[in-house]
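Asks: Would you mind keeping the following structure in view while I ask a few things?
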C-alpha cells in the first residue's frame, strides 16, 4: 500500500479582501495548536497578494471567478481531491465553496449550517449574528467550540520589500491615512464629508489617500477638490501589504466599514472606522488595540438597511452618512494623539 499522505488542511475563503483578512485569524490559531500541520488557502483571483510570503501558508490556491468560472471550479475540485487533504474548511455560506468542501474527499469536511451543502459536511457549525459575536469568533468556531471562545486577531505579514516601499512616505513626518472608498456606496463616507474632515485636520500632518487601482479616480477627485498641499494620493500605488505597513505607522487611519479597516486590524494600526448604513452589531468591527467607531448620533429607523450595503440609499437621503459630524472624527484624532504621547 502507498504511504498515507501527511495530514494537511485547506481553508476556503473566496469572498472579498476583508473576508480573507479576517480568515487569517484561523491561520494564527492553527499555527498555535497544530504547528506542524501544513495549511493551504483558497482565495479568489486578485486576493492572493494578501497571503504572499505568509509564514503559516504552504500553498495558495486561486479561483478565477471571472474567466471560466465553473470550469475553474471543477479543476479546483480535481486538484483538491488529488492533494487528499485531511480537513477542508469552508468559511462561506455559498454553494460553490460548499460543493468543493462536500466532494473534496477529505476525512473532515467543515462549514456553516447555512451552506447549501451542509448536509454533506462531517461537522456543521451554527452561523450566528448577534451582540458581541465578531466574524473572527464565528470563523474560529469552525476549528472547534473552544477556538471561538476568545478572539484571535487576524494577522498579515508585509515583506521586507513592502516595508521598504513605504519608508519614504513614513519619513515625511507625522501622517494620517484615509481610505475613502468602498465597494458598497452606502458603506462609503461621502466625498463632501471627507472634504469637511480634510479642511479641519491639523496642517502639520501629511495625509495619504489609500485604495486599489479601481479607487484611483475617486481618490484623485477628492485630492483635487481638497486643495490641501500636504495631501498625497497613493491609491493604486501600493500593494495591499505595503498599504498595511504604511497604516501601521500612522497616527490614525480613517476608514469605512470595508477592507482597509481589516488591514488595520491585521497589523494593529490605529483605526477610526466610519459606519454609515451598516452597524458594528453585524460583527465586522475593528480589532486594533486603538480602534474607535464613529456613527450617526441617535437612532434611524432605516438603519441598518442591509448587511453589506447598497449601490444607493434606499430612501434617497443617506442620512446615516451625512448626519455624522466632523467633530466626531476630530475627537478620535485627539484621543489617538494622547495615546501616542
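The values are calculated or read from the model by the stated rules, or taken from the named source; none is laboratory data. From a predicted model like this one, the values you see are computed outputs, not experimental measurements. Methodologically, a virtual Cβ is constructed for each residue, glycine included, from the backbone with ideal geometry; neighbour enumeration extends over all protein chains shown.
Asks: Pull up the stretch 205-229, narrow it to residues that are loosely packed, with under 15 Cβ neighbours inside 10 Å and more than 24 Å from residue 311 (Cβ to Cβ), then point me to the one that is modelled with the highest pLDDT.
Replies: For the stretch 205-229, the residue satisfying everything is 224.
Asks: Which number in (1) over 26 Å from residue 335 (Cβ atoms); (2) touching a residue at least 60 places away in the same chain (Cβ under 8 Å); (3) part of a helix (DSSP H, G or I) marks the one condition that residue 129 misses?
Replies: (3)
Asks: Here's a follow-up. If a residue must be buried (at least 20 other Cβ atoms within 10 Å of the Cβ) and over 18 Å from residue 296 (Cα atoms), how many such residues does the stretch 185-204 contain?
Replies: Of the residues in the stretch 185-204, 2 are buried (at least 20 other Cβ atoms within 10 Å of the Cβ) and over 18 Å from residue 296 (Cα atoms).
Asks: Follow-up question, since we're still on this one. Could you figure out which of (1) free of Cβ contacts under 8 Å to residues at least 24 places away in the same chain; (2) within 21 Å of residue 24 (Cα to Cα) isn't true of residue 164?
Replies: It fails just one condition, (2).
Asks: Could you grab me the full set of residues in the stretch 252-281 that are in contact with a strand residue (DSSP E or B) (Cβ under 6 Å, 6 or more places away or on another chain) and farther than 19 Å from residue 189 by Cα?
Replies: 269
Asks: Restricting attention to the stretch 77-117, which residues are part of a helix (DSSP H, G or I), within 20 Å of residue 17 (Cα to Cα) and in contact with a strand residue (DSSP E or B) (Cβ under 9 Å, 6 or more places away or on another chain)?
Replies: Answer for the stretch 77-117, where residues must be part of a helix (DSSP H, G or I), within 20 Å of residue 17 (Cα to Cα) and in contact with a strand residue (DSSP E or B) (Cβ under 9 Å, 6 or more places away or on another chain): 96, 97, 98.
Asks: Have a look at 210, 195, 238, 222 and point out the one that is in contact with a helix residue (DSSP H, G or I) (Cβ under 7 Å, 6 or more places away or on another chain), without any contact (Cβ under 8 Å) to a residue 40 or more places away in the chain and assigned by TED's automatic domain parsing to the domain that holds residue 318.
Replies: After ruling out the rest, the residue left standing is 195.
Asks: Further, regarding this structure: If you scan the stretch 156-186, which residues turn out to be in contact with a helix residue (DSSP H, G or I) (Cβ under 6 Å, 6 or more places away or on another chain) and not in a helix (DSSP H, G or I)?
Replies: Of everything in the stretch 156-186, those that are in contact with a helix residue (DSSP H, G or I) (Cβ under 6 Å, 6 or more places away or on another chain) and not in a helix (DSSP H, G or I) turn out to be 156, 158, 177, 179, 180, 181.
Asks: Follow-up. What tally of residues in the stretch 248-274 results from selecting those that are within 23 Å of residue 54 (Cα to Cα) and within 14 Å of the chain's Cα centre (by Cα)?
Replies: Number of matching residues: 12.
Asks: Restricting to the stretch 103-119, name every residue that is in contact with a helix residue (DSSP H, G or I) (Cβ under 9 Å, 6 or more places away or on another chain) and free of Cβ contacts under 8 Å to residues at least 40 places away in the same chain.
Replies: Passing the criteria: 103, 105, 109, 110, 111, 112, 115, 116, 117, 118, 119.
Asks: Within the stretch 37-69, track down each residue that is in a loop (DSSP other than H, G, I, E, B) and either modelled with pLDDT of 95 or more or touching a strand residue (DSSP E or B) at 6+ places or on another chain (Cβ under 7 Å) (or both).
Replies: 37, 38, 45, 47, 54, 55, 56, 57, 58, 59, 65
Asks: Moving to a separate point now. Test of understanding: among 248, 303, 292, which residue is within 21 Å of residue 172 (Cα to Cα) and surrounded by fewer than 24 Cβ atoms within 10 Å (Cβ to Cβ)?
Replies: It is 248.
Asks: Looking at residue 153, is it farther than 24 Å from residue 283 by Cα and not in a helix (DSSP H, G or I)?
Replies: no
Asks: Can you report the number of residues in the stretch 187-224 which are part of a helix (DSSP H, G or I), in contact with a strand residue (DSSP E or B) (Cβ under 6 Å, 6 or more places away or on another chain) and under 20 Å from residue 173 (Cα atoms)?
Replies: Number of matching residues: 1.
Asks: When you scan the stretch 55-75, how many residues do you find that are in contact with a helix residue (DSSP H, G or I) (Cβ under 7 Å, 6 or more places away or on another chain) and within 25 Å of residue 242 (Cβ to Cβ)?
Replies: Number of matching residues: 7.
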